[in-house]
1. How large is log10 of I(q)/I(0) for the chain at q = 0.14, 0.19 Å⁻¹ when the intensity is taken from the Debye formula with one equal scatterer per alpha-carbon?
2. Ignoring GluC sites (Glu not before Pro) that are buried or in helix or strand per DSSP, and keeping those with at most 10 other beta carbon atoms within 10 Å, what is the longest stretch of the chain between them?
3. Only Cα pairs within less than 10 Å get springs; with that Gaussian network setup on the chain, which residue of ALA31, ALA162, ALA90 has the largest fluctuation?
4. Pairs of alpha-carbon atoms within less than 8 angstrom and 6+ residues apart define the contacts here; what relative contact order does the chain have, in percent?
5. Between ASP140 and ARG167, what length comes free when the chain is fully extended (0.36 nm per residue of separation minus the Cα-Cα distance, one decimal in nm)?
6. If Lys and Arg each add +1 and Asp and Glu each add -1, what is the summed charge of the other residues whose beta carbon sits under 11 Å from the beta carbon of LEU55?
7. Can you work out the Karplus-derived ³J(HN,Hα) for every residue in the range 34-48? Use 6.51 cos²θ - 1.76 cosθ + 1.60 with θ = phi - 60°, whole Hz, and x for glycine or proline.
8. What number does the range 100-190 give for Rg over Rh if you use C-alpha atoms and the Kirkwood radius?
Amino acid sequence: MGRWEPNARGRLAEAALDLYVEHGFDQTTVADIAQRAGLTERTFFRHYADKREVLFDQSGALEALLVARVTDAGADVAPIDLIIAALEEAGARIQEEPEHARRRQTVIDANPTLQERELIKLAALASALAEALRQRGVADPAASLTAETGIAVFRVAFERWAAGDDRTGLPQVIRDSLGQLRIAVGGESR
């Protein structure tokens with residue numbers, strides 16, 4: 001095995017996901033992942049702190065995208081529409097690799113520890129979005145409520161989309177989910 005293998009991070013991530021689907025998260029070791037990727041365990045740890053991080057390494061990029069979209073949006077947009085537009089853009093990126101996203105979610109759904117990690121990630125996204133709204137002048141509790149609501153809409157929409165019940169795009173499922181929420185609380189759907 002060469003010391004500087006091309007695309008080591010991507011190969012490790014793909015090998016890990018394959019093994020998690022085939023054998024389960026708990027039954028897969030870092031040694032298994034490295035071997036499947038044709039790399040060493042040491043290389044694995046240069047890229048990831050532990051085997052969970054393989055599934056969550058895009059969290060920082062997702063947060064940066066969402067915050068940037070909220071921060072850069074026009075001044076005349078309602079806070080919930082800012083959040084949903086940012087989530088729709090994130091959804092468009094996620095659906096570029098639908099099978100990867102669905103397989104990842106299958107692994108997370110099968111493991112309570114990973115489910116907890118996913119909830120922590122979503123809470124961090126909500127906090128970052130609430131702060132971005134505060135920076136735009138939205139006061140609390142409206143900033144926090146709006147961000148938390150947006151993340152709840154996203155989570156429900158993603159679950160529906162990942163289940164693959166239909167082939168509607170994720171951004172549309174996010175819009176539809178927000179419409180359902182607006183109807184449920186007595187508002188109009190858009």
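1. For the chain, the Cα-only Debye profile gives -0.83, -1.25.
2. The longest such stretch corresponds to 1-95.
3. ALA31
4. Values: 179 pairs, mean separation 37.0, N = 190.
Dividing the mean separation by the residue count of the chain yields 19 percent.
5. Working: separation 27, 0.36 × 27 = 9.72 nm, distance 3.72 nm.
Gain on extension, ASP140 to ARG167, equals 6.0 nm.
6. Value of the local net charge: +2.
7. Ordered by residue, 3J(HN,Hα) equals 4, 4, 4, 7, x, 10, 9, 4, 4, 5, 3, 6, 6, 9, 9 Hz.
8. Values: Rg = 14.6 Å, Rh = 14.4 Å.
Rounded to two decimals, Rg/Rh equals 1.02.
No lab work stands behind these numbers, since they all come straight from the coordinates. What you see is a predicted model, and the numbers here were worked out from it, not measured in a lab. No Cβ is skipped: glycine too gets one built from the backbone with ideal geometry, and neighbour counts run over all protein chains shown.
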